[in-house]
Amino acid sequence: MYAVYNSHALPRQYSKRLAKNMNAPRISKETTQYCKILRDKENNISNILDDIFEHVNSIQNEKQQTIDLKEIIFTLIQTNRSNLPSVRQHEFFTLIQTPLVNLLQQWTLKSKVTEDDLFFFRNIAKLVKALLKSIDDINLYPSWINNSSLIETLASFLKYIITSKKNPNKRVIKYFLRFFNIYKSYQILIDENSTANQDQLVGFIDPIITCLTSNFYMNSFHYLQNNVKKLLPRQKLALLHCPRFFISYRGK
Amino acid sequence: MLGSRHEEITQELLVIMLPKYTALLGRLLPSVSLWKKTVLQSIEHLFLLVNHGSKNSDVLTSHLPFIDHILKLIQNPFFLNKLPNQFSSSELQLIDTTIYLLSNCISNSTILTHIKEKKLSSVFLRYTSAEDESIVYNTHSLLAYTTGDDDIQSMKDPGALLSTVFNAFKHSVEENSSNSIQLLQTMQALVQHEQLKEEIVKQNMLGFLIQSTDRLVGTALALLLKLLCTLAFNSKIADVLRDNDDLKEKVQELSKDSEEEEEVHKAADGLVWKLVKGRRK
């Protein structure tokens with residue numbers, strides 16, 4: 001059976017993860033159906049995304065909605081990812097925002113990270129990366145990219161990563177870097193396009209300054225003195241990504 | 001241009017961090033030859049921060065030891081011995097950013113004087129052999145502004161410096177590139193030295209410079225006219241320019257043409273004075 005469709009193997013594992021928790025709501029039947037169609041579709045996923053959007057949007061229970069979203073997002077990154085750029089403006093992806101914001105806010109409050117949440121975060125990061133890969137025109141970004149509550153949440157999370165006394169989960173930072181990279185590329189395009197609103201990402205500047213003046217920033221250099229070959233994700237963020245973002249910012 | 005608030009933030013960042021950066025470089029520099037890619041990249045990004053904002057060199061004037069550290073960095077045999085092309089990509093990036101930072105800083109007179117006193121022309125000259133266009137380009141402007149008369153005299157072949165800058169200028173005029181402005185400024189600084197005015201004659205550069213008055217406009221044209229004006233202080237060059245009726249006519253027109261920009265007007269006026277009126281004296 002497994003030999004027929006390799007891509008089926010992973011979703012089953014994922015469902016198993018969920019099944020461990022007996023009280024967890026199940027993935028809705030419709031979503032299971034849609035995921036199956038998604039997996040079988042070789043191209044042109046726009047129409048099926050219309051239906052999926054309508055279905056997920058109609059789910060009233062937020063928990064149930066998140067469960068279904070998790071499965072769909074997982075399926076999307078499992079299937080042919082080269083289909084994704086053509087649907088990057090699709091409404092469906094506006095649904096990612098709420099669970100993403102919730103996830104980050106929750107981690108800022110209590111640093112405990114469950115495997116399930118981490119897996120979800122990883123998948124969202126992968127999806128968004130595949131959606132917004134190598135865009136060279138600022139107008140091709142979907143409008144949710146500069147949604148203020150999303151940026152505010154990501155910015156607070158950046159501050160949290162740098163200033164937290166406890167060492168935040170390495171994998172969380174690794175996946176966060178994917179988001180930050182997307183915004184870094186976006187900022188570079190804003191900088192190059194004189195007609196674009198230069199202040200869209202001003203929300204990131206304050207946390208970046210916090211980072212660049214932090215003890216963590218300077219201490220990271222001490223750590224490097226021992227001639228380590230590889231930067232940890234948190235150091236990468238502080239030593240390379242924050243400066244890059246800062247110097248490409250031309251707004252107020 | 002940065003927004004004014006961002007400009008302020010950048011300046012505050014440097015005021016707070018430069019003493020820390022200076023101490024950090026002091027600690028890290030002795031082990032330069034052991035720096036891994038991670039260190040090279042992180043230091044390069046730190047330099048990018050220092051280079052950010054239009055007031056950065058003003059802040060740097062109170063942190064000259066920082067400048068000393070970066071001068072030490074480029075003098076390190078570890079890097080010099082890798083010229084012209086033995087650099088790893090992160091070493092090359094770091095050197096490129098460092099030279100770029102220095103060439104930006106010299107617009108500040110305090111830093112310029114400070115660097116001049118270090119007499120580093122021979123070090124900078126070695127970087128002109130780099131197989132990297134932007135390193136060579138920015139090293140030229142460093143050289144043009146920091147080289148003193150005595151350095152020029154002790155240089156084995158100062159004409160070679162002028163000719164690399166001239167050839168880059170020639171290329172940029174032919175390609176219609178915006179580089180010509182910076183290259184003209186560099187030449188202007190170089191021909192302040194009498195010996196290099198002579199080189200202009202020796203290397204037959206004058207003809208192309210005169211021709212270029214037909215091809216450049218705006219700021220570039222104004223700078224070219226100023227350059228010719230400076231060159232006219234050399235009597236041989238002045239004679240060549242005065243004998244060129246087309247040039248004289250063109251410059252006189254430019255000085256009268258009310259449609260021309262203010263800077264072109266002024267520069268043309270200066271040259272007319274030098275070529276026509278200056279003769280009567």
Filtered residues of segment B:163-172 (kept if crowded, with 21+ Cβ neighbours inside 10 Å and among the β-branched types (Val, Ile, Thr))
B:165
If residue A:154 passes every condition in (1) assigned to a loop (DSSP other than H, G, I, E, B); (2) more than 14 Å from chain B (Cβ to nearest Cβ) but one, which one does it miss?
(1)
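Can you list the helices (runs of 4 or more DSSP H) found entirely within segment B:189-281 that contain at least 1 residues being out of contact with any strand residue (DSSP E or B) (no Cβ under 6 Å at 6 or more places or on another chain), of a type outside the set (Lys, Arg) and under 22 Å from residue B:141 (Cβ atoms)?
On the way: elements: B:194-202, B:206-212, B:218-231, B:235-242, B:245-256, B:262-272.
By residue number, B:194-202, B:206-212, B:218-231, B:262-272.
Mind listing just one residue for me: the one in segment A:232-241 that is within 11 Å of chain B (Cβ to nearest Cβ) and either touching a residue at least 60 places away in the same chain (Cβ under 8 Å) or not in a helix (DSSP H, G or I) (or both) and, of those, surrounded by the fewest Cβ atoms within 10 Å (Cβ to Cβ)?
Restricting attention to segment A:232-241, the residues satisfying the condition of being within 11 Å of chain B (Cβ to nearest Cβ) are A:232, A:235-236, A:238-241.
In the following step, the residues that additionally are either touching a residue at least 60 places away in the same chain (Cβ under 8 Å) or not in a helix (DSSP H, G or I) (or both) were identified as A:232, A:238, A:241.
Working: A:232: 15, A:238: 27, A:241: 21.
Selected residue: A:232.
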Can you spot a residue in segment A:187-196 that is surrounded by 20 or more Cβ atoms within 10 Å (Cβ to Cβ) and touching a helix residue (DSSP H, G or I) at 6+ places or on another chain (Cβ under 8 Å)?
yes
Could you check how many residues of segment B:1-27 are more than 18 Å from residue B:40 (Cα to Cα), at pLDDT 90 or above and at the interface with chain A (Cβ under 9 Å from one of its Cβ atoms)?
6
All positions within segment A:242-252 that are within 9 Å of chain B (Cβ to nearest Cβ) and in a helix (DSSP H, G or I):
A:242, A:243, A:244, A:246, A:247
So, first residue at positive phi in segment B:113-140, second residue part of a helix (DSSP H, G or I) and not hydroxyl-bearing (Ser, Thr, Tyr), Cβ within less than 8 Å, six or more apart or across chains; the pairs are B:119/B:151
Of everything in segment A:198-231 that's more than 10 Å from chain B (Cβ to nearest Cβ) and under 24 Å from the mean Cα position of the chain (by Cα), which residue is nearest to residue B:25 (Cα to Cα)?
A:211
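Given the residues B:88, B:31, which is the only one that is within 14 Å of chain A (Cβ to nearest Cβ), closer than 19 Å to residue A:221 by Cα and of a type in the set (Ser, Thr, Tyr)?
Numbers: B:88 fails: closer than 19 Å to residue A:221 by Cα.
Only one candidate qualifies: B:31.
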Only one of these conditions is not met by residue B:60: (1) under 15 Å from residue B:91 (Cα atoms); (2) in contact with a Cys (Cβ under 7 Å, 6 or more places away or on another chain). Which number is it?
(1)
Output the qualifying pairs, or none if there are none: Cβ atoms under 7 angstrom, residues six or more apart or on different chains, first residue in segment A:201-225 and without any contact (Cβ under 8 Å) to a residue 24 or more places away in the chain and hydrophobic (A, V, I, L, M, F, W, C), second residue part of a helix (DSSP H, G or I) and surrounded by fewer than 17 Cβ atoms within 10 Å (Cβ to Cβ).
A:218/B:20
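Hey, among B:59, B:39, B:50, B:15, which residue is loosely packed, with under 14 Cβ neighbours inside 10 Å and within 20 Å of residue A:217 (Cβ to Cβ)?
Numbers: B:59 fails: loosely packed, with under 14 Cβ neighbours inside 10 Å; B:39 fails: loosely packed, with under 14 Cβ neighbours inside 10 Å; B:50 fails: loosely packed, with under 14 Cβ neighbours inside 10 Å.
Unique residue meeting the criteria: B:15.
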Kindly indicate whether residue B:96 is closer than 23 Å to residue B:151 by Cα, modelled with pLDDT of 95 or more, more than 14 Å from chain A (Cβ to nearest Cβ) and within 24 Å of the chain's Cα centre (by Cα).
no
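Run down B:107, B:129 and say which single residue is over 22 Å from residue B:42 (Cβ atoms), in contact with a Leu (Cβ under 6 Å, 6 or more places away or on another chain) and not in a helix (DSSP H, G or I).
Numbers: B:107 fails: in contact with a Leu (Cβ under 6 Å, 6 or more places away or on another chain).
Selected residue: B:129, the only one of B:107, B:129 that is over 22 Å from residue B:42 (Cβ atoms), in contact with a Leu (Cβ under 6 Å, 6 or more places away or on another chain) and not in a helix (DSSP H, G or I).
Would you check if residue A:123 is at pLDDT 90 or above, part of a helix (DSSP H, G or I) and surrounded by fewer than 18 Cβ atoms within 10 Å (Cβ to Cβ)?
On the way: at pLDDT 90 or above: yes; part of a helix (DSSP H, G or I): yes; surrounded by fewer than 18 Cβ atoms within 10 Å (Cβ to Cβ): no.
Answer is no for this residue.
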Residues satisfying the stated conditions in segment B:14-64, i.e. free of Cβ contacts under 8 Å to residues at least 24 places away in the same chain and of a type in the set (Lys, Arg)
B:20, B:27, B:36
Filtering segment B:133-162 down to residues that are surrounded by 17 or more Cβ atoms within 10 Å (Cβ to Cβ), hydroxyl-bearing (Ser, Thr, Tyr) and assigned to a helix (DSSP H, G or I) yields B:137, B:139, B:141, B:145, B:146
Residues that are on the phi < 0 side of the Ramachandran plot and within 22 Å of the chain's Cα centre (by Cα): does segment B:13-24 have at least one?
no
For segment A:48-70, does any single residue satisfy the condition of being hydroxyl-bearing (Ser, Thr, Tyr) and loosely packed, with under 14 Cβ neighbours inside 10 Å?
yes
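The values are calculated or read from the model by the stated rules, or taken from the named source; none is laboratory data. Note that the structure is a prediction, hence the values are computed from the model and not measured. Please note: Cβ atoms are built from the backbone with ideal geometry, for glycine as well, and neighbour counts cover all protein chains shown.
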